[in-house]
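Asker: Can you keep this structure in mind? I'll have questions shortly.
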Amino acid sequence: NAGGAPYRPLAEGADRQHARVVELNLLAPIYLSRAAHALMREQHDGGAIVMVGSVSGGRPSPGTAAYGAAKAGLESLARSMAMEWAADGVRVNTVVLGMARTELTGLHYGDEAGVAAVSATVPMGRLAEPEEVGDACVFLASDAARYISGASLAVHGGGERPAFLDAANVNKP
């Protein structure tokens, strides 16, 4: 699991900077998965690959467009790998992560007041903790998920509240 992107509108920065985001978030998982597959297919019971995706792959990502595009590609990649490698006993799934608390949270959301404001937009009222993401990954890699392949598991606390609900001036509780 390596990924991420600095805030950089698509019209800004050098092409190479955006290409590096795609390399990290899409190409690196391709290379690593291919290497893992070569080893896993030799095992009697195959194995499991768990990609770490993002909700940014399924919605607009202004300021991180290359990241969102790469994460969308990652989900497609995982589904294709799941089909191609099933006969080898290799399962491939994606954890589609929403907003999570990490050592870089401040770079994305600001100080604690910013984190609290962003957290309030999540139906569960908080960001995911790293352990919760890890639990989802462990589940998908475990025998409990032995018949799950090509799936995307949303780990996002209920999603993101649509902006129109707060903007509307009717149907307020």
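Asker: Over all distinct alpha-carbon pairs, what is the Kirkwood Rh of the stretch 73-163 in angstrom?
Answerer: 14.6 Å
Asker: Need the full-extension length gain, ALA35 to VAL170, defined as separation in residues times 0.36 nm minus the C-alpha distance. One decimal, nm.
Answerer: Net length gain for the segment: 43.1 nm.
Asker: Treating the beta-carbon of each Lys and Arg as +1 and of each Asp and Glu as -1, no other charges, what is the dipole magnitude of the stretch 1-124 about its Cα centre, to the nearest 20 debye?
Answerer: Computed about the Cα centre, the dipole is about 180 debye.
Asker: Once neighbouring chains are kept in place and the probe is 1.4 Å, which whole percent of the accessible area of the chain is contributed by carbon and sulfur?
Answerer: Heavy-atom surface of the chain belonging to carbon and sulfur, 1.4 Å probe: 58 percent.
Asker: Over the chain, what is the relative contact order in percent, taking alpha-carbon pairs closer than 8 angstrom and at least six residues apart?
Answerer: Here the relative contact order equals 23 percent.
Asker: Another question about this same structure. Work from the charge dipole of the stretch 1-127 (Cβ charges, +1 for Lys and Arg, -1 for Asp and Glu, about the Cα centre) and give the residue of LEU39, PRO9, ASN25 farthest towards its positive end.
Answerer: PRO9
Asker: Could you pull out every residue, at least 5 positions away or on a different chain, whose amide H is within less than 5 Å of the one on LEU153? Hs are placed 1.01 Å off N in the peptide plane, and Pro or chain starts have none.
Answerer: Under 5 Å from the amide H of LEU153: THR94, VAL95, VAL96.
Asker: Now for a separate question. What is the projected area of the convex hull of the Cα atoms of the stretch 116-170, averaged over all directions, in nm²?
Answerer: For the Cα atoms of the stretch 116-170, the hull's average projected area reads 5.4 nm².
Asker: Once phi is turned into ³J(HN,Hα) by the Karplus curve 6.51 cos²θ - 1.76 cosθ + 1.60 with θ = phi - 60°, what whole-Hz value does each residue of the stretch 162-169 show in order, with x for glycine and proline?
Answerer: With coefficients 6.51, -1.76 and 1.60, one gets x, 4, 5, 5, 7, 7, 5, 10 Hz.
Asker: Hey, what's the Kirkwood Rh for the stretch 12-102 if you take every pair of different alpha carbons, in angstrom?
Answerer: One decimal place: 13.9 Å for the Kirkwood radius.
Asker: Just order 155-164, 73-82, 11-20 by mean Cβ neighbour count inside 10 Å, highest at the front, would you?
Answerer: Ranking, from highest mean packing down: 73-82, 155-164, 11-20.
Asker: Per residue, what accessible area does the chain have, given a 1.4 Å probe and all protein chains present, in Å²?
Answerer: Accessible surface, normalised per residue, equals 60 Å².
Asker: Starting from the amide H of GLY47, placed 1.01 Å from N in the peptide plane, find each other amide H under 5 Å away whose residue is 5 or more places distant or on another chain.
Answerer: It is VAL90, ARG91, by chain and number.
Asker: Enumerate the calculated ³J(HN,Hα) couplings along the stretch 66-80 in order (Karplus 6.51 cos²θ - 1.76 cosθ + 1.60, θ = phi - 60°), each rounded to whole Hz, writing x wherever the residue is Gly or Pro.
Answerer: Going residue by residue, I get 5, 4, x, 5, 5, 5, 5, x, 5, 5, 5, 4, 4, 5, 5 Hz, with x marking Gly and Pro.
Asker: Can you give the alpha-carbon Rg of the chain over 2.2 N^0.38 Å, where N counts its residues?
Answerer: Ratio of Cα Rg to 2.2 N^0.38 Å: 1.14.
Asker: State the three equivalent ellipsoid semi-axes of the stretch 73-123, derived from the C-alpha gyration tensor as the square roots of 5 times its eigenvalues, in descending order and whole Å.
Answerer: Over the Cα atoms of the stretch 73-123, the semi-axes work out to 36, 10, 8 Å.
Asker: Another question, if that's okay. Hey, what's the per residue convex hull volume over the C-alpha atoms of the stretch 1-55, in cubic angstrom?
Answerer: Cα-based convex hull of the stretch 1-55, divided per residue, equals 75 Å³.
Asker: Continuing with this model, one more query. Residue by residue through the stretch 50-63, which ³J(HN,Hα) values in whole Hz follow from phi under the Karplus form 6.51 cos²θ - 1.76 cosθ + 1.60 (θ = phi - 60°), with glycine and proline marked x?
Answerer: 10, 7, 10, x, 8, 4, 5, x, x, 8, x, 10, x, x
The values are calculated or read from the model by the stated rules, or taken from the named source; none is laboratory data. Remember, predicted model here, so these are calculated numbers, not experimental data. Backbone-built Cβ (ideal geometry, glycine too); neighbour counts: all protein chains shown. What goes into the accessible areas is simple: the full protein's heavy atoms, side chains included, and nothing from ligands, DNA or RNA. Shrake-Rupley method; radii C 1.70, N 1.55, O 1.52, S 1.80 Å.
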